[in-house]
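Below you'll find the structure, written out as structure tokens, and then a few comments.
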Amino acid sequence: IIIHPNPHYSKVVKSVQSVSKNIISLNPEKIAANANKNIFLVYMADWSGFWKKMSPIWDHVVDNVVREQGESETVVFGRIDCVSYSEFCAEKGVKVYPSLKFLSPQGNVESFFGKLNMENLTNF
């Protein structure tokens with residue numbers, strides 16, 4: 001359970017956990033340890049209504065990709081809790097939750113912009 005950081009939203013909200021075993025919880029150290037891989041990373045906050053809507057869709061998209069292409073040693077699907085790692089997320093320029101980014105081993109970062117639905121997330 002998490003309390004929203006904005007006092008105007010003081011109600012307690014339930015934590016949203018990924019149900020997909022293919023999505024791992026990451027922290028800054030784990031992201032650095034996987035820097036040699038392609039990382040699809042969701043910067044999230046459990047209190048975000050958009051994250052609550054996106055989470056099951058993202059789980060489904062990731063599970064479909066893994067089912068169709070198989071598990072990969074070079075691709076990581078992860079999420080980072082920006083409530084717990086707020087400074088790290090702010091350093092990365094994350095201002096909206098959820099934010100989806102693709103991090104390449106070459107250091108390139110591509111941000112997802114668009115409607116959070118199955119088709120758009122799959123195409124990303």
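The values are calculated or read from the model by the stated rules, or taken from the named source; none is laboratory data. Note that the structure is predicted; figures quoted are calculated from it, not measured. With ideal geometry, Cβ positions are generated from the backbone for all residues, glycine too; neighbour counts draw on all protein chains shown. With ligands, DNA and RNA removed, areas are computed over all heavy atoms of the protein, side chains included. Shrake-Rupley method; radii C 1.70, N 1.55, O 1.52, S 1.80 Å.
Values computed for the structure shown
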| read-out | value |
| --- | --- |
| Criterion: modelled with pLDDT under 95 and within 13 Å of the chain's Cα centre (by Cα) - qualifying residue of Trp47, Trp58 | Trp58 |
| Hits in segment 22-81 - residues which are of a type in the set (Gly, Ala, Ser), assigned to a loop (DSSP other than H, G, I, E, B) and at negative phi | Ala35, Ala45, Ser48, Ser72 |
| Members of segment 83-111 found to be surrounded by 13 or more Cβ atoms within 10 Å (Cβ to Cβ), within 19 Å of Ala33 (Cβ to Cβ) and out of contact with any Leu (no Cβ under 7 Å at 6 or more places or on another chain), listed by number | Ser84, Tyr85, Phe88, Cys89, Lys92, Phe102 |
| Unmet criterion (only one of (1) more than 14 Å from the chain's Cα centre (by Cα); (2) aliphatic (A, V, I, L, M); (3) closer than 19 Å to Phe124 by Cα) for Ala33 | (3) |
| Lys52, sole failed condition from (1) open to solvent by 30 Å² or more (accessible area, probe 1.4 Å); (2) modelled with pLDDT of 95 or more; (3) within 22 Å of Leu116 (Cβ to Cβ) | (2) |
